[in-house]
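Okay, structure first, notes after.
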Amino acid sequence: AGSHKVDATFNDQLRLIGYETKIEANRLEVTLYWQAIAAPDQPYTAFVHLLNPAGELVAQSDVPPGQGIFPTSAWQPGDVVLSQHQLDAPADTIANDYTILIGLYRPIDGVRLPVTDAKGMPQSNDAIEIKMMNDE
């Protein structure tokens, strides 16, 4: 489930259970570990947004979990599937307080799935924040 544990639930269907991050030169790699709680009724796309200390979007990656080979609409409860994201990161990403936001959306209309944290609290902007750590 990744080096770093998470417990974020998206629309009572999918859970983000862990992640790993790796920074090389100006590239940020994020691997997300998703688990199906229920059989999702449609395909979703995962997004990773990198925000600078001012809260501005500086890089993003949008990839279907399973890299499009195993769409969420085919998942069954208990399935664990990865999504791998690569972002061009500013050179000062490690030295500064950058934020990583994770979420899921419907590609047909761009609507994000609501997300709650481990305590069941709804998250603003339908995204969960994770910490950047270099898991080399």
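The values are calculated or read from the model by the stated rules, or taken from the named source; none is laboratory data. Source: prediction; values computed, not measured. All Cβ positions, glycine included, derive from the backbone under ideal geometry; neighbour counts span all protein chains shown. In case anyone asks, the SASA skips ligands and DNA or RNA and just uses the protein heavy atoms, side chains included. Shrake-Rupley method; radii C 1.70, N 1.55, O 1.52, S 1.80 Å.
Looking only at the range 63-97, filter to residues that are free of Cβ contacts under 8 Å to residues at least 12 places away in the same chain and closer than 17 Å to residue 32 by Cα; which one of those is least open to solvent (accessible area, probe 1.4 Å)?
68
Return yes when residue 18 is assigned to a strand (DSSP E or B) and without any contact (Cβ under 8 Å) to a residue 40 or more places away in the chain and no when it is not.
Judged against the criteria, residue 18 is a match.
Which of the residues that make up the range 24-35 are surrounded by fewer than 17 Cβ atoms within 10 Å (Cβ to Cβ) and among the hydrophobic types (A, V, I, L, M, F, W, C)?
Result: 25, single match.
Could you grab me the full set of residues in the range 49-62 that are closer than 19 Å to residue 128 by Cβ, among the hydrophobic types (A, V, I, L, M, F, W, C) and either surrounded by fewer than 18 Cβ atoms within 10 Å (Cβ to Cβ) or in contact (Cβ under 8 Å) with a residue 40 or more places away in the chain (or both)?
50, 51, 57, 58
State whether one or more residues within the range 38-56 are within 11 Å of the chain's Cα centre (by Cα) and either among the basic types (Lys, Arg) or assigned to a loop (DSSP other than H, G, I, E, B) (or both).
no
If you go through the range 36-46 one residue at a time, how many are surrounded by fewer than 18 Cβ atoms within 10 Å (Cβ to Cβ) and either of a type in the set (A, V, I, L, M) or touching an Asp or Glu at 6+ places or on another chain (Cβ under 9 Å) (or both)?
Going through the range 36-46 one residue at a time, the tally reaches 3.
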